[in-house]
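First, the structure itself, so that you have it in front of you.
All of the numbers you see were taken from the coordinates with simple rules; none came from a lab. Because the structure is predicted, anything quoted here is derived from the model rather than measured. As a convention, Cβ positions derive from the backbone with ideal geometry for all residues, glycine included, and neighbour counts pool all protein chains shown.
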Amino acid sequence: MNDAVAIVVDAAGQRFGTRTIFENVSFTVATGEVFVVLGGSGCGKSTLLKQMIGLLPPTQGRISVRGHDVVTEVEAVRRDIGVMFQSGALFGSMTLLENIMLPLAMFTDLPARARAEIARIKLALVGLADAVNLLPSEISGGMAKRAAIARALALDPPILFLDEPSAGLDPITGAGLDRLILDLRAALGCTFVVVTHELQSIFAIADRCVMLDRAAKGMIALGVPRDLQRTSDHPTVRAFFNREAES
């Protein structure tokens with residue numbers, strides 16, 4: 001395995017029956033990179049995310065995470081990743097502390113006291129040190145996103161996948177979450193793959209991005225967001241990054 005490369009997506013595609021979602025999508029994600037998957041509704045962003053985390057086998061091509069194939073070595077892949085789903089997916093009957101302790105209880109032999117201490121550390125990392133005993137119903141949407149990131153961090157994975165982390169948040173809260181992602185990358189050295197269509201977040205956090213397109217049934221851009229904004233001659237890419245209607 002090349003330690004400089006965290007993820008390889010090689011000619012990946014997905015079909016459901018006779019319907020093609022995308023095909024021939026290829027890119028790599030460097031270790032320590034914040035890599036964004038973007039595009040309009042229905043282009044396959046969430047489908048590609050499910051492929052990369054081993055929930056949906058690609059119908060074309062190959063994807064590997066830290067050298068492990070997502071189809072044939074899915075258990076090894078899952079040991080290396082943490083996932084924050086768009087809704088947060090916190091268990092409503094558990095406190096935030098208990099939510100973060102859950103993966104530690106499932107996948108480690110640590111005693112309860114150690115699990116609780118690790119969970120407190122993870123919550124402190126995301127700015128929720130004072131909220132450990134609150135239920136998900138007692139916190140804001142932004143706090144729920146942070147708690148979901150803390151749970152994704154529970155087992156110290158080298159790669160984090162975040163699905164629409166800024167969705168539904170006000171601009172100030174969203175900007176705070178962008179800063180948190182960059183701070184965690186700096187502190188922990190994690191690789192981030194972020195699915196989003198929030199333009200401000202893309203410019204704030206992305207080292208590079210890939211853009212999928214529903215009409216093209218595949219990728220139409222790969223690179224640094226500001227470079228794509230300035231230099232792309234593709235009308236959809238140009239319209240997206242300049243927040244314009246396509247002519």
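With a cap of 10 neighbouring Cβ atoms within 10 Å, and only residues DSSP puts in a loop, list the trypsin sites (Lys or Arg not before Pro) found in the stretch 200-247.
Those that pass, being in a loop and sparsely packed, are ARG243.
Give, as a single signed number, the net charge of other residues whose beta carbon lies under 15 Å from the beta carbon of LEU90, with Lys and Arg counted +1 and Asp and Glu -1. Walk me through the intermediate numbers first.
Working: positive: LYS122, LYS145, ARG146, ARG151; negative: GLU98, GLU138, ASP163.
Overall, the nearby charge balance is +1.
Provide, for q = 0.13, 0.15, 0.21 Å⁻¹, the log10 of I(q)/I(0) from a solvent-free Debye sum over equal Cα point scatterers in the stretch 78-222.
Ignoring solvent entirely, the Cα scatterers give -0.57, -0.75, -1.34.
Could you work out the local net charge near LYS122, counting Lys and Arg as +1, Asp and Glu as -1, over the other residues with Cβ closer than 12 Å to its Cβ? Show your work: numbers first, answer last.
Values: positive: ARG115, ARG120, ARG146, ARG151; negative: GLU117, ASP156.
After counting each charged neighbour, the total is +2.
If you don't mind, another one. Under a 10 Å cutoff between Cα atoms, tell me which one of GLU164, GLU33, GLU138 has the largest fluctuation in the Gaussian network model of the chain.
Of GLU164, GLU33, GLU138, the Gaussian network model singles out GLU138 as fluctuating most.
While we're on this one: Using the Kirkwood radius built from alpha carbon pairs, what does the Stokes-Einstein equation give as D for the stretch 96-165 at 4 °C and 1.567 mPa s, in µm² per second?
The Stokes-Einstein estimate is 107 µm²/s.
Let me ask something else. Please state, rounded to one decimal and in Å, the Kirkwood hydrodynamic radius that the chain gives when every pair of distinct Cα atoms enters the mean of 1/r.
It is 18.6 Å.
Could you work out the percent of alpha carbon pairs in the stretch 1-92 separated by over 24 Å, rounded to a whole number?
More than 24 Å apart: 20 percent of the Cα pairs in the stretch 1-92.
Going by C-beta contacts inside 10 Å, put SER232, SER140, SER41, SER201 in order with the fewest on the left.
Lowest to highest Cβ neighbour count: SER41, SER140, SER232, SER201.
About the Cα centre of the chain, what is the dipole size in debye to 20, counting +1 per Lys and Arg Cβ and -1 per Asp and Glu Cβ, all else neutral? Walk me through the intermediate numbers first.
Values: 24 positive and 26 negative charges, 44 e Å.
Here the chain has a charge dipole of around 200 debye.
Distance between Cα centroids, the stretch 1-50 to the stretch 165-198: provide it in whole Å.
19 Å
For the chain, with the dipole built from +1 on Lys and Arg beta-carbon atoms and -1 on Asp and Glu ones, taken about the Cα centre, which of LEU180, THR72, LEU169 lies farthest toward the positive end?
Going by the Cα projections, it comes out as THR72.
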